[in-house]
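So the structure is just underneath, and the comments pick up after that.
Read-outs throughout are calculated quantities, based only on the coordinates presented, and are distinct from any laboratory measurement. Please read all numbers here as calculations on a predicted model, not as lab measurements. Reconstructed Cβ throughout: ideal geometry from the backbone, glycine too, with neighbour counts over all protein chains shown.
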Amino acid sequence: MAKANGANGSKQLTRQQYLDLYYYMRLNRAVEDTMVKLFRQNKIVGGLYSSLGQEAVSVGTAYALEKKDWLAPMIRNIGALLVKGVPPRDVFMQHMAKYDSPTKGKDGTSHFGDLENLHIVSPISMLGDLIPVMTGVAMAGRYLGQKIVAMTWIGDGGSSTGVFHEGLNFAAVQKAPFVLVLENNQWAYSTPVKRQVPLDNLADRAKAYGIPGYTVDGNDVIAVYSAAKQAVERARRGEGPILLEVKTFRRMGHAQHDPAEYVPKEMRAYWEARDPVALYEKFLTGEKLLDEKSKKDIEQRIETLLAQERDFAENSPMPPPEFAEHGVYCAGDDCHKIRPRWERPLSEVTPPNSGVSAVWTVAGFGSGKASGGANAPIHFGDTEKTGGSGRADSGLLEAVAETREARSKPRALKSTNAKPPAKKSAKLAALTGKSKTQARKAGR
Ligand SMILES: Cc1ncc(C[n+]2csc(CCOP(=O)(O)OP(=O)(O)O)c2C)c(N)n1
Ligand SMILES: [Mg+2]
């Protein structure tokens, strides 16, 4: 779909856009470097997950979205948040559990979103669950006439959850305007991808759902952006979801506590030589899009911004203790004021225009009658004892009830395997035409 080092995507971007991608990758890395420092100073309250070496994935994919589009990040997608417009101070304060953070200190990692302005759904810890959720967002946008695309990410490990498959199948059959980015970073905790999936390309999983699946070089930001852009445009045209596998590498352990000693040295060396920021810098310099001065300007801009953002975060207070009891349960308007934003006439979706005549009806449905007019045999205990086809059923029910009664009488411990009395089994057998043993089982 897209060629490495921008051979394909390069014509789609202005110089400013090329530099934007560079800026966001550098910002992504600098924000995470700052958080590592804060972690070592014991100022980070929750876990800290690094996306070192995966910046091209978060930045390249999110950059393909429009402002009105929706995304839901996973733990290694801080770059996507920055592209969408989240200020670094929010990321810092969130991890420091400060009162000015988006969750007002109630979460110590990246579980925050912004439904109102930036259209960000908070990460869900249960891997894969964002897939049906974002499919729902995509479908809701279509229903409201908003022409939006929804995007989320999933890891190689997360792509083996049941909900990945349920969600993607649902998105496919609903032709939801949804893009799923599968970050194949070679590891899920300490499990290498080869030991959990017998596939070379995880994009092949898309075949099972009849949707396109593409594999791109996740360390080449232009390749990632080009593929994501095409996927987003296709989804927006109403042609359904796409699975985009980006091959990359998790350069740090699962989180700060994990030295990742299980990673073979050669593997690490291979990927470190393919650092996405360095690769892109080389490309930009070769294409004369970046010179020493513009590089220094960008570095300076990031340094100044992060100094301010970090100061703000460090000076923000911790939440007051009494706040712990607020916001635990949703209290309607006091909790949120989200309302659907319709972009199509309401009359289109309300009666009489929304009315659809049934194309297929079942006679007697809902009246308690079978289609032939007789009483429909329903459940044990519900069926009337008299009349018509109810008679045989009610005889059977009586026999079953008697058998159950016999079985429920207190028994001595040694007779726990006691069978229903032969007489009752014979009655059941006569009614059902089954052998005594089968009838006994039916009576259970
Ligand atoms: C359904 C579910 N199972 C297990 C976990 C625990 N868990 C959190 S992250 C993780 C590893 C995920 O690996 P991968 O999907 O490859 O993402 P990566 O960490 O490599 O970005 C696991 C097992 C979880 N959060 N959700
Ligand atoms: Mg992984």
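Cross-link partners among aspartates and glutamates for K147, C-alpha distance below 13 Å, same-chain residues fewer than 8 apart left out? Within the straight-line cut-off, K147 pairs with E66, D69, E233, E239, E343. Label separation (K175 vs E325): 5.3 nm, computed from points 7 Å beyond Cα along the C-beta direction.
Take the cross-link list K67/K229; K68/K106; K84/K296; K84/K293 and give me the ones stretching past 20 Å between alpha-carbons.
Values: K67/K229 14 Å; K68/K106 28 Å; K84/K296 24 Å; K84/K293 27 Å.
Those over the limit are K68/K106; K84/K296; K84/K293.
Listed peptides 324-331, 262-269 appear in the order 262-269, 324-331 once ranked by packing, highest mean of other Cβ atoms within 10 Å at the front.
Relative contact order, percent, of the stretch 36-106 when contacts are C-alpha pairs under 8 Å separated by at least 6 residues?
Reported relative contact order: 30 percent.
Between E348 and Q17, the modelled labels are 2.8 nm apart [label points 7 Å from Cα along Cα→Cβ]. Distance between the C-alpha centres of the stretch 81-115 and the stretch 228-261: 22 Å, rounded to the whole angstrom.
Taking 0.36 nm per residue of separation and subtracting the Cα-Cα distance, what length does fully extending Q256 through E281 add?
On the way: separation 25, 0.36 × 25 = 9.00 nm, distance 2.76 nm.
Length gained between Q256 and E281: 6.2 nm.
Per-residue packing, averaged as other Cβ atoms within 10 Å, sorts the ranges 294-306, 123-135, 166-178 into the order 166-178, 123-135, 294-306, beginning with the highest.
Could you compute the FRET efficiency for Q308 and V359, with r as their C-beta to C-beta distance and R0 at 56 Å, rounded to 0.05? Calculated value: 0.35. When the GluC sites (Glu not before Pro) in the stretch 33-133 are filtered for DSSP coil states and for at most 11 other beta-carbon atoms within 10 Å of their beta-carbon, the remaining sites are E66, E116. With a Förster radius of 41 Å applied to the C-beta separation of R195 and D114, the computed FRET efficiency comes to 0.65.
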